[in-house]
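Everything below concerns the one structure shown next.
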Amino acid sequence: MEKEKLLQVTVDGTQYAYPFGTPYRKIAADFQKEYPHDILLVNREGKLCELHKTLDRDCTLKMVTAAEKPGRQTYERSAVFLMLKAFYDVAGRENVERITVEYSISNALFIRAKGNFHLDRDLLRRVEERMKTLSAQAVPIRKSSVNTDDAVELFQKTQMRDKARLLSFRINSHVNIYTLEDFSDYFYGYMVPDTGYIKCFGLELFEDGFVLRLPDQKAPDRLGVFEPSIKVFRELHDATRRSEALHITNVGEMNDVISEGKATQMILAHEAMMEKKIGDIAQEIASRKGVRFVMIAGPSSSGKTTFSHRLSTQLLACGMQPHAIATDNYFKNRSETPRDENGQYDFESLGAMDIEQFNGDMTRLLKGETVEIPQFNFKKGVREYNGDYLTLGEQDVLVIEGIHCLNDQFSYSLPKESKYKIYISCLTTLNIDDHNRIPTTDARLLRRIERDARTRGYSARATIQMWPSVRKGEENNIFPYQDSADMIFNSALIYETALLKPYVEPLLFGVPRDCEEYLEAKRLLKFLNYFLPLPADDVPKTSLMREFIGGGCYKT
């Protein structure tokens, strides 16, 4: 009989025999001692599988722990499910109106809860104790395939209308529902098989909600340090309020707007909000009479170039004369560029910049002298001078964009009052539903995939492959300095994922199934599947999104 058949399973190059129908959890247990952290999933030849799934073919397996991105996401998702179950148990289902998992801040998730209860330390203590009890009991997390219409009806009855709305746009006949004892929910992604895998967590009051603290991916067995950027949190909080004003806080609500033919108003309203914000920043800069250097930095695909152009336009409207300076022109010559631990040129380190030359030139400009601004020849790897002279007049201001602009070591000789520092990032607040957030890094990655393909001819696979090194550079050179900024600018547009969908989907489908990048491409494709597509016809030529999809009026 087929159930007695032995199948060949290859792990780390060695073949083993397991009976047909063996749970992956049993196989993972046989290899657990070889891994320092709990195995949470298995990778079966490019397909992630939950541990409750069973062996049905000869295959090669890789074990996945929380030290890897898919495992970390699975742990976070499972911990959210556990927290929700415990919160409903402690507060009483009838008393909970809404719990929203809003965004990630410093190894934690910020969560807001509304209902007939008082959110205080005692309530959170009891919820955390309930989580610990459930964890100790290793309660099974059951997964079931449910007819989509039945799932919509279920979530309407349980007051999870955000999920009912989201699933009403699904064309699949069935969806997967997870159940923990008597509590059912819908999640985008994988889960651990039982609550015993969720061992490390903590709850703390924070601002007008609370945080679910989680481990860092680098150390999955202990809570990560919680040192949130208050300035970034405030911007995320304000962005949430702006989204609420438009009545669009999740994908289901946005799909409603698109399907009802109201997308143009949504686009123009959010673009108007962004333009007002840029105008307010320009007004503040103009009001600070000593400011001569506007320093702009932010992570990859934040829209720094378009923002700089739009800010310059607003500065002109305030009676100032902006001049763009690219810090790339102050790279050291290639022969002097430091190398990283792999022997590659480290263009993102501060050591790759000619700090002395930059400070010398800027100091002379501040004194009213005329300075010849260099141009870096990337093909030759040298700095050149081509007669580009600049003198600062009374109303002149330099708009300087670069990775190190928030780091005072880069502009050490310039008086503090002469600098206005802006941190720009795509801080997404739109979520799939109340319990499934959209990471800000996903929004930036989608932007970069499209821009790389359009302007550089890169495949989606190549962009995904280089993304971890890009993120490492951001962690080292940008994020540590974000709180030193005078202003945080959020470049996220509420409609952008729906806009990017028809551009990025074909690129992601082009990622080969047999490469490491396929898992990430598949995850992004599943994520995009929640969105109705949005045509670019009504996106203004000045929009920040034009930097990525093309058709804008600014040179990028």
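Listing for the model above:
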| read-out | value |
| --- | --- |
| Lys33 assigned to a helix (DSSP H, G or I), free of Cβ contacts under 8 Å to residues at least 60 places away in the same chain and of a type in the set (Lys, Arg) | yes |
| From the options Glu253, Glu271, residue that is open to solvent by 10 Å² or more (accessible area, probe 1.4 Å), within 30 Å of Leu212 (Cα to Cα), assigned to a helix (DSSP H, G or I) and modelled with pLDDT of 95 or more | Glu253 |
| Residues located in region 162-182, provided they are within 22 Å of Leu48 (Cβ to Cβ) and open to solvent by 30 Å² or more (accessible area, probe 1.4 Å) | Arg170, Asn172, His174, Asn176 |
| Strands (runs of 3 or more DSSP E) lying entirely in region 342-404 (those with 2 or more residues that are closer than 27 Å to Lys472 by Cα, at pLDDT 95 or above and within 32 Å of the chain's Cα centre (by Cα)) | 396-401 |
| Qualifying residue in region 152-161 (condition: touching a strand residue (DSSP E or B) at 6+ places or on another chain (Cβ under 7 Å) and open to solvent by less than 40 Å² (accessible area, probe 1.4 Å)) | no |
| Answer residue from region 51-105, given it is of a type in the set (Ser, Thr, Tyr) and open to solvent by less than 40 Å² (accessible area, probe 1.4 Å) and is farthest from Gly189 (Cα to Cα) among those | Tyr88 |
| Condition check for Val139: within 30 Å of Ser259 (Cα to Cα), open to solvent by less than 60 Å² (accessible area, probe 1.4 Å), of a type in the set (A, V, I, L, M) and touching a strand residue (DSSP E or B) at 6+ places or on another chain (Cβ under 9 Å) | no |
| Selected residue (criterion: nearest to Asp537 (Cα to Cα)) from residues of region 471-514 that are of a type in the set (S, T, N, Q) and out of contact with any Ser or Thr (no Cβ under 6 Å at 6 or more places or on another chain) | Thr497 |
| Candidates Val101, Val64, Val96, Val80 - the one that is over 25 Å from Leu524 (Cβ atoms), of a type outside the set (Ser, Thr, Tyr) and modelled with pLDDT of 95 or more | Val96 |
| Scope region 508-531; condition open to solvent by less than 50 Å² (accessible area, probe 1.4 Å) and hydrophobic (A, V, I, L, M, F, W, C); matching residues | Leu508, Val511, Cys515, Leu519, Ala521, Leu524, Leu525, Phe527, Leu528, Phe531 |
| Top-ranked residue of region 25-47 - restricted to ones that are modelled with pLDDT of 95 or more and either closer than 12 Å to Val192 by Cα or of a type in the set (Gly, Ala, Ser) (or both), ranked as surrounded by the fewest Cβ atoms within 10 Å (Cβ to Cβ) | Ala29 |
| Subset of region 372-430 (residues that are in contact with a Leu (Cβ under 8 Å, 6 or more places away or on another chain), closer than 26 Å to Ser300 by Cβ and either loosely packed, with under 14 Cβ neighbours inside 10 Å or of a type in the set (D, E, K, R) (or both)) | Gln409, Lys421 |
| Checking Asp185 against (1) open to solvent by 20 Å² or more (accessible area, probe 1.4 Å); (2) touching a Phe, Trp or Tyr at 6+ places or on another chain (Cβ under 8 Å); (3) among the acidic types (Asp, Glu), the condition it does not meet | (1) |
| Count of region 391-411 residues which are under 23 Å from Ser229 (Cβ atoms) and free of Cβ contacts under 8 Å to residues at least 60 places away in the same chain | 1 |
| Residue count, region 204-231 (criterion: surrounded by 17 or more Cβ atoms within 10 Å (Cβ to Cβ) and aliphatic (A, V, I, L, M)) | 3 |
| Selection within region 295-324 - open to solvent by 10 Å² or more (accessible area, probe 1.4 Å) and closer than 20 Å to Met362 by Cα | Ser308, Ser312, Met320, Gln321, Pro322, His323, Ala324 |
| Conditions (1) assigned to a strand (DSSP E or B); (2) among the acidic types (Asp, Glu); (3) closer than 30 Å to Ala219 by Cα; number of the one not met by Glu76 | (1) |
| Checklist (1) at pLDDT below 95; (2) assigned to a helix (DSSP H, G or I) applied to Arg448, failing item | (1) |
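The values are calculated or read from the model by the stated rules, or taken from the named source; none is laboratory data. Bear in mind the structure is a predicted one, so any value in this text is a computation, not a measurement. Don't worry about glycine lacking a Cβ; one is built from the backbone with ideal geometry, like all the others, and counts go over all protein chains shown. For accessibility, only protein heavy atoms count, side chains too; no ligands or nucleic acids. Shrake-Rupley method; radii C 1.70, N 1.55, O 1.52, S 1.80 Å.
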